Structures are given as structure tokens and as C-alpha cells.
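> Handing you this structure, nothing more for now.
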């Protein structure tokens, strides 16, 4: 994949935006309203979905991987990298597959990605803890993830329609 400077700069901008949205989300008191460890609305997935539908899976993989790595560096936590990468990569993989089904809208793709992200994070928790106890979080986490995926998918649908890809220089 050869990239123009303009396209690479746009990917960097999207990565920075996803990182900023992730940090913004951490400041919101969501845990006070929904006290389930690991639950997030998935603001950075706005960027992931936009990139997937605008630039395709290869570019989106680059954006997700760099965002996860930078997020872990900024937070100073190796476990943050494990949770972020496991959720992000599993979500991207499933969304890439689901996107191929023409009958499934961006909303459905987003909901599937949100559920996959939660499953990836629970799997990472199981590996890091060496225990299956995190599986007990899945029954309440999956419906909440689907609802968050619906919300994020709706906003992403607007972004994909209104923000065109930059022309290559």
C-alpha cells in the first residue's frame, strides 16, 4: 500500500482524533451510571467506522493499531495495550467481515463490532488474570455493547455520508 503524503497525513489526523475521543470518553462518568467494568460507549469507534467505510480495512488496521499503541504509551499501561488491541482488532475483523453483507447496514456492522470489542476485552482479562471469572461480565455487557454500537453506528453513518475522503495529492 503506497500512500500519498496527503493520505498519510489524513490517517494521522484520524488516529489523533480517535485517541482524543478515547481520552475524552475516559473523563465521562459512565461507570457511575453503568457500573460494569470495561463498558464504554466507544467514541473512538466513530473514527474506526469512518475509516473502514472510507478507506477500507488495511488503512483502518493501521489507524487502530497506532491508536492502541499510543493510548498504551500515554497511559503507561501494558495491560491497556492488551485490552485495547484485543478488543479493537477483534472488532475490526468482525466489522470487515460483516461489511461484506449488503443486507447489513452500517448500524448492524457497528453493533457487531461493539459486541466483538467486548468479547475481545473479556478474553484479554481472562488471559491476564488466568481465570474464567470475567466471562460473567458478558451477559450484561453484550446488550449494553449492542446499544452503544447502535448509537455510534448512527453517528458514524452521518459522518460517512457527509465527510468525503480527501483527494490524493
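None of the figures in this text is laboratory data; all of them are computed from the coordinates on show. Since the model is a prediction, treat every value here as computed from it, not as a measurement. Positions of Cβ are backbone-derived with ideal geometry, glycine not excepted, and every protein chain shown enters the neighbour counts.
> Which length gain, in nm to one decimal place, applies between residue 133 and residue 75 when the Cα-Cα distance is subtracted from 0.36 nm times their residue separation?
Contour length minus the Cα-Cα distance gives 18.3 nm.
> Can you give me the distance in nm between label points at residue 107 and residue 65, each placed 7 Å from the Cα along the Cα-to-Cβ direction?
3.4 nm
> Using the 10 angstrom Cβ neighbour count as an exposure proxy, how do 55, 23, 43 rank, fewest first?
23, 55, 43
> So for 156, 79, 110, fewest C-beta neighbours within 10 Å to most, what's the order?
79, 156, 110
> Summing -39500 (n - 2.57) over the DSSP H runs of n ≥ 4 in the chain and dividing by its residue number, what mean residue ellipticity at 222 nm do you reach, to the nearest 500 deg cm²/dmol?
Value at 222 nm, helices only, nearest 500: -25500 deg cm²/dmol.
> Enter the angle in degrees (range 0 to 90, nearest 10) between the Cα long axis of helix 57-75 and the first principal axis of the Cα atoms of the chain, meaning the one along which they spread out most.
Result, in degrees: 50.
> With no solvent and one equal point scatterer per Cα, compute the Debye intensity ratio I(q)/I(0) for the chain at 0.08, 0.18, 0.20 Å⁻¹ and report its log10, rounded to two decimals.
So the normalised log intensities work out to -0.23, -1.16, -1.41.
> Mind giving me the nanometre distance, one decimal, between the label points for residue 34 and residue 159, set 7 Å out from Cα along Cα→Cβ?
Label at residue 34, label at residue 159, 1.7 nm between them.
> Figure the gain on full extension for residue 24 and residue 126 (residue separation times 0.36 nm, minus the Cα-Cα span) and round it to one decimal in nm.
34.0 nm
> According to a simple spin-label model (label point 7 Å from Cα along Cα-to-Cβ), what is the distance in nm between residue 142 and residue 2?
Taking the two extended label points, one gets 4.6 nm.
> Hey, another quick one. What is the helix-to-structure angle for 78-98, meaning the angle in degrees between its Cα long axis and the longest Cα principal axis of the chain, kept from 0 to 90 and rounded to the nearest 10?
Value to nearest ten degrees: 60.
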